[in-house]
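Comments concern the structure below.
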Amino acid sequence: MDFITQEAEKFIKNNQNINSRSEILKILFNDKELKKAFPWKIRYISSIWFIAKKILELLKSDEDIEVMAIWDIKYKWKYREIMKNLDKKAKQYLLDSPWQELEWYDVTGSWNFEIKKIIANYLDEIYDFWELKDIFAKNMVITNWWMQGFNIICDAINSMNNNEKKFYYNEASFMPIVDVAKMRFWENAPCKILKQKNSTNFFINSNDIDNIYSNNKDNSQNIFYFIPVWNPTWVKIDEEELYNISKKIIEKDENAIIILDSVYMWLLEATASKQYYQKIFNDKKVLNRIIFIESFSKSLWLTGLRIWTLFTYNDNLFIEMQKSASATTAWYSKLPSLYLKWLLQNKTDIINLKEIYNYWSEIRLQTYDYFKENFSHLFDIDNSLVPEEREWLYLFLKLKDWIKEEEVYIETWVIWVWVDLSDWTYIRYSMWLV
């Protein structure tokens, strides 16, 4: 019996007179053991959702609980048809592949250069690498999931510099990365939060960098983690501002490392994404201290195949990352690399990406309108980020001052991740299977 079913059956046994979804959610959110078992919010919320759905299923209830906010059933089915078509073609490709290609493991954990070049060509469509494309293809590390990828980054930074670390991140960041940083190699120096300026400006400014270095008198190595197109807020950092901040950091500290989590760059219009990093690409002194993070989980719908790509201009950083990858990812099946190769070489025949992006945009706007119309008493709409037509993936809604996240989940029956910021609590809504 799996964990979800076990918890659901235990719940029914201990709460025999409870059968409404509101009461079920109230009890689950008050379960201290569940909260203790899943310290990361995204795992905690997902587990409660799965358990609640299983309870309702076992009770043969007609009620349901949504996650990530999909409302229009025609889009659900349209989405499923696209996924079924992709799945069918992928299975056929693997069936037609020579057995020799499927038998062997990736012994070195380095993938092969042919696939790296294919990935670099795909990323070039987003970033416009120019002469850097071959360098990034060479200095690329591919991993099977984000946690493993960030651990590889930690290993590389540690191996190149034995000094204590200080890790700086924006307040509204992808917090699981910060949690890994706390666990891994900043034991003696706490992670430093760079707080938002207001409800729409979540990035730091030049004065923040001055303050960091005026107060930093020791020999610790400074690590900066930025998300140019942000998870969870979906705010895009101005490219000129990002470059100026990065340049100032390296001018003050040539040993600093800047990690740019670029997983959501692909959703910008092509002209915007290709322009975004050009100043950084042309400034080799800054570029040499940067590690880029990329993923295919959203851009190619590989939600179940969590492939992360790390690339850098810095040869030494790449060597250390590859050492860690060889130690931690060797002996994985070649299936992910074969599948990714096939998908990237045939993506225009398999997936209509423009149709997918328009679908996401449409469902975002519909969901925003739904919450605004039906639950304005829960959300501070005026101080929330209003979704735009194209460059938008998540909804990031601020709760009213007296409202708690559990109340929102129980009343709306739609649950996803809450984010605690200095000015109050927000909820990030997304989409199931995305």
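The values are calculated or read from the model by the stated rules, or taken from the named source; none is laboratory data. Bear in mind the structure is a predicted one, so any value in this text is a computation, not a measurement. No Cβ is skipped: glycine too gets one built from the backbone with ideal geometry, and neighbour counts run over all protein chains shown.
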What residue, among those in the stretch 246-279 that are touching an Asp or Glu at 6+ places or on another chain (Cβ under 9 Å) and of a type in the set (A, V, I, L, M), is farthest from W230 (Cα to Cα)?
I250
Which of (1) polar (S, T, N, Q); (2) more than 21 Å from R289 (Cα to Cα); (3) at pLDDT 85 or above is the odd one out, the single condition T233 does not satisfy?
(3)
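Residue by residue, here is whether (1) outside any helix (DSSP H, G or I); (2) farther than 19 Å from E405 by Cβ; (3) of a type outside the set (V, I, T) holds:
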residue: I4; (1), (2), (3): no, yes, no
residue: E9; (1), (2), (3): no, yes, yes
residue: E23; (1), (2), (3): no, no, yes
residue: K26; (1), (2), (3): no, no, yes
Which listed residue, of Y75, Y79, Y93, is assigned to a helix (DSSP H, G or I), aromatic (F, W, Y) and modelled with pLDDT of 65 or more
Y93
Consider E63 carefully, then state whether it is in contact with a helix residue (DSSP H, G or I) (Cβ under 6 Å, 6 or more places away or on another chain) and outside any helix (DSSP H, G or I).
yes
Which of (1) touching a Phe, Trp or Tyr at 6+ places or on another chain (Cβ under 9 Å); (2) modelled with pLDDT of 75 or more; (3) of a type outside the set (K, R) does E66 not meet, given it meets every other one?
(2)
Inside the stretch 239-258, can you point out the residues that are in a helix (DSSP H, G or I) and surrounded by 15 or more Cβ atoms within 10 Å (Cβ to Cβ)?
E239, L242, Y243, N244, I245, S246, K247, K248, I249, I250, K252
